[in-house]
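Before any comments, here is the structure.
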Amino acid sequence: MQNQKTGKNTYGDLVSPETSLSREKLHGNYKSILGESAGHLEVLQQVDMFAKSSQTVLISGETGTGKELIAAALHAESLRGGHTMVVVSCAEIAENLTESELFGHERGAFTGADQQHIGLFETASRSTLFLDEIGELPMRLQPKLLRVLQENKIRRMGGTAQIPVSVRVLAATNIDLKEAVAAGKFRRDLYERLKSLHIQLPALRERREDIPALAKHFLIKENNSSSRKVADINSEVLLLFDAYSWPGNIRELEGIIGRAVLLAEGSEILPPYLPSDVRTPQAHALPSADATAAANPNAAEYFVLPFPIGTTLKEIEKSAILATLARENGNQSKTAKSLGIDRRTLHNKLRDYNM
């Protein structure tokens, strides 16, 4: 993402002030990946640049930010897009079976190995292998994965032959691998190999301007898959969405829209159809103790910020105003009084928010 003060992007490269991100400048087809915010468009720009490469791409982001969707776009726009992408979650395979699943095994390799098994690297040959939750890969297998990435060859368990594979690897994680390396839970050499092409997905709270379009998309999707026909989303609901912290990101938004459609008694999604924590966004701040408390769980007291570290004062102010406006059911006079400002100031603030 571009830093407004330095004029640099995520990688520290200078960005021309005349250069604006837009979908029209992208070569690939990303219509199914909704969003027009600057951070989201930068992600699509990176997908566009990385897609044709055969190099490994690391996709980082909180749970629910759409990492698999980005991986699918990288694959679809690549030279391997004509083949099916193979997807595996490293967290869902039993640790004692992970090596066999990834690299295969020969008959007799271990008790119960009654026949040869072709692993996912061979299955994905000439295509893309998406390793989701790469941070959960057992430490003992990380050197073997690194070797495959370097040599493009695998050796099945119980076998001696080095088998060439032509696989483009995409990896995703919802944890900070740099921190995992420092904690001794992830190999530094593998991390250095993975991070050469890195896409960091913004959290939904960092791209709030995309929420209305995403919500409408999920509403249409839910209507098409059910017998319910809910036409619209009430403006108060959108105010609540804008004030909410979205710890579950886009996946949480989709679930909330699906729930609201089921509960809706009319043609519109209204605040009563939302979960209580969304209706009272002030009570659902991003829940985290500061670093000192995390490092000292025995501390008797610690300070918990009601918003994520790094949130700008402008964002905090906007969240407070919109949350109060939603609580007062859109009544601007009551909202201004609760906030201790005059109504004209509130009106000007809302105009700045395009509301």
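The values are calculated or read from the model by the stated rules, or taken from the named source; none is laboratory data. Being a predicted model, the structure only gives us computed values, none of them experimental. Ideal geometry is used to build each Cβ from the backbone, glycine not excepted, and the neighbour counts take in all protein chains shown.
Here is how the numbers come out for the structure above:
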{"read-out": "Qualifying residue in the stretch 172-184 (condition: more than 30 Å from Phe241 (Cα to Cα), among the hydroxyl-bearing types (Ser, Thr, Tyr) and touching a residue at least 24 places away in the same chain (Cβ under 8 Å))", "value": "no"}
{"read-out": "Filter result for Tyr273 (buried (at least 18 other Cβ atoms within 10 Å of the Cβ) and farther than 20 Å from Ser319 by Cα)", "value": "yes"}
{"read-out": "Given (1) closer than 30 Å to Thr63 by Cβ; (2) basic (Lys, Arg); (3) in contact (Cβ under 8 Å) with a residue 40 or more places away in the chain, index of the condition Arg126 fails", "value": "(1)"}
{"read-out": "Any chance Ala213 is in the same structural domain as Lys318 (by TED's automatic domain parsing), in a helix (DSSP H, G or I), under 18 Å from Thr65 (Cβ atoms) and modelled with pLDDT of 95 or more", "value": "yes"}
{"read-out": "Lone qualifier among Lys221, Lys185, Lys229 - being not aliphatic (A, V, I, L, M) and not in a loop (DSSP other than H, G, I, E, B)", "value": "Lys221"}
{"read-out": "Residue satisfying condition, being over 19 Å from the mean Cα position of the chain (by Cα) and in the same structural domain as Leu177 (by TED's automatic domain parsing), within set Arg279, Arg259, Arg193, Arg228", "value": "Arg193"}
{"read-out": "Of all residues in the stretch 102-128 being in a strand (DSSP E or B) and modelled with pLDDT under 95, the one that is surrounded by the most Cβ atoms within 10 Å (Cβ to Cβ)", "value": "His105"}
{"read-out": "Every residue from the stretch 67-97 that is assigned to a helix (DSSP H, G or I) and within 11 Å of Glu133 (Cβ to Cβ)", "value": "Lys67, Glu68"}
{"read-out": "Exclusive hit being part of a helix (DSSP H, G or I), crowded, with 17+ Cβ neighbours inside 10 Å and not charged (D, E, K, R), set Leu170, Leu149, Leu131, Leu145", "value": "Leu145"}
